[in-house]
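Okay, structure first, notes after.
The values are calculated or read from the model by the stated rules, or taken from the named source; none is laboratory data. No experiment lies behind these values; they were computed from the predicted model shown. Cβ atoms come from the backbone with ideal geometry, glycine included; neighbour counts cover every protein chain shown.
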Amino acid sequence: MSAVAPTTVEASAAPAGPAPDRGGRRLPRTLHPMAWWIWALALATAVSRTDNPLLLLLVLAVLGYVVTARRTEAPWARGFKYYLYLAVSVVAVRVVFRAVFATGITPHDHFLFSLPHLPTPDWYAGIRIGGPVSLEALLSSATDGLRLACMLCCIGAANTLANPKRALRALPGALYELGVAVTVAISVAPQLVQSVQRVARARKLRAGRTKGMKALRGIVVPVLEDALERSLRLAAAMDSRGYGRAGTATRASRRLTGALMLLGMCGLCTGAYGLLDATAPAFLGLPAMACGAALCVAGLSLGGRRITRTTYRPDPWLLPEWAVAGSGVLSAILLFSDLGYDPAQLNPTFYPLTWPGLPVVPAAAILLAGTAGFLAPEPAAPVRRTDTP
């Protein structure tokens, strides 16, 4: 009998559904990706409600805790720090623009320094280039940039925690092609990060490597080559699986589906405008939104009939999914309800310069979203199995 050489197999992801181990306990499983997206989008909606820097910093702390506690070892789970770098750059750009285009400076502000003033023509009145820069202006611009940075980090947390390939399986059949495009676009950043890390590790193994800007060519060219190879492999895989086939759908059914979706999206946009504008007629609010939603559902239902897909081991939607998604939605509801706190505390002003207060109810709502860090099941660590003779 011939001997079998020992082999090592490493699994990077746990099964989707829970399975009992030998002791009768439940093994760790991957949370449904849509639960993470609902949680992140709801938290981003809550962030759009406030300009309070204390609450925004609390949101960043909650995001950091949840990502650290529940991210996996997958390649897309390593890119959250790059979203943080992007967030810092957004704040910096916002502050620089506010300092260069100095407007709204009053004699009561605390002046820090002055930039050279550039004269502008009469048709460019109202905007100054250069001039005195105040502390109030910089703090106000930093707060505006911090709010946008928090929204970007919310999207980054969803990309870090949710498996984009498993999220694609949960989409309706009519949105499958659009979902593929979105999934490929979302996966670009994590794949580029992985390529950069792989090239950097390879460069460390070579002697005499350059540093600084001289090393840019040695990093960019291999990364772009790797991205091109990934694109070609993806195109070949999609073509071999019959991606983009029309199936049994007729031209009339495709046109009807597109018309229903287009009218439905117009209805949703009209309804959103009617709800945000208090002077709009009543029929432009909830009735228009309900009509648009009904048309979208009809279009999705009609378009899904021509696409037949099977799912191997679908992700379950159990109590942890409800808890994680509900914590984010409830946080957004509490910040939009204005119950138990003064709405002015969500948008403090720096004119005059005062320290912003920390409202209790909004802070508790943000901390409630942070409970997803332990409500979600713990992800399984990479499993190493060794087969011996």
**Fill in**
Residue hits (segment 82-98; more than 15 Å from Cys153 (Cβ to Cβ) and of a type in the set (Val, Ile, Thr)) are Val93, Val95, Val96
**Asked** Within the set of pairs 6 or more residues apart or between chains, which connect a residue that is more than 28 Å from Ser48 (Cα to Cα) inside segment 121-146 to a residue that is at pLDDT below 75 and buried (at least 18 other Cβ atoms within 10 Å of the Cβ) with Cβ atoms less than 6 Å apart?
**Response** Arg128/Ala102; Gly131/Ala102
**Asked** Going by the structure shown, is Ser195 touching a helix residue (DSSP H, G or I) at 6+ places or on another chain (Cβ under 9 Å), at pLDDT 70 or above and assigned to a helix (DSSP H, G or I)?
**Response** yes
**From the options Ala344, Ala332, residue that is within 22 Å of the chain's Cα centre (by Cα), of a type in the set (A, V, I, L, M) and either at pLDDT 80 or above or surrounded by fewer than 13 Cβ atoms within 10 Å (Cβ to Cβ) (or both)** = Ala332
**Message:** Please count how many residues of segment 52-72 are modelled with pLDDT under 90, within 17 Å of the chain's Cα centre (by Cα), assigned to a helix (DSSP H, G or I) and surrounded by fewer than 20 Cβ atoms within 10 Å (Cβ to Cβ).
**Reply:** 0
**Asked** How about segment 63-88: which of its residues are closer than 17 Å to Pro377 by Cα and in contact with a helix residue (DSSP H, G or I) (Cβ under 7 Å, 6 or more places away or on another chain)?
**Response** Leu63, Tyr65, Val66, Val67, Ala69, Arg70, Arg71, Ala77
**Prompt:** Does Leu168 satisfy the criteria of being modelled with pLDDT under 85 and out of contact with any Asp or Glu (no Cβ under 6 Å at 6 or more places or on another chain)?
**Reply:** yes
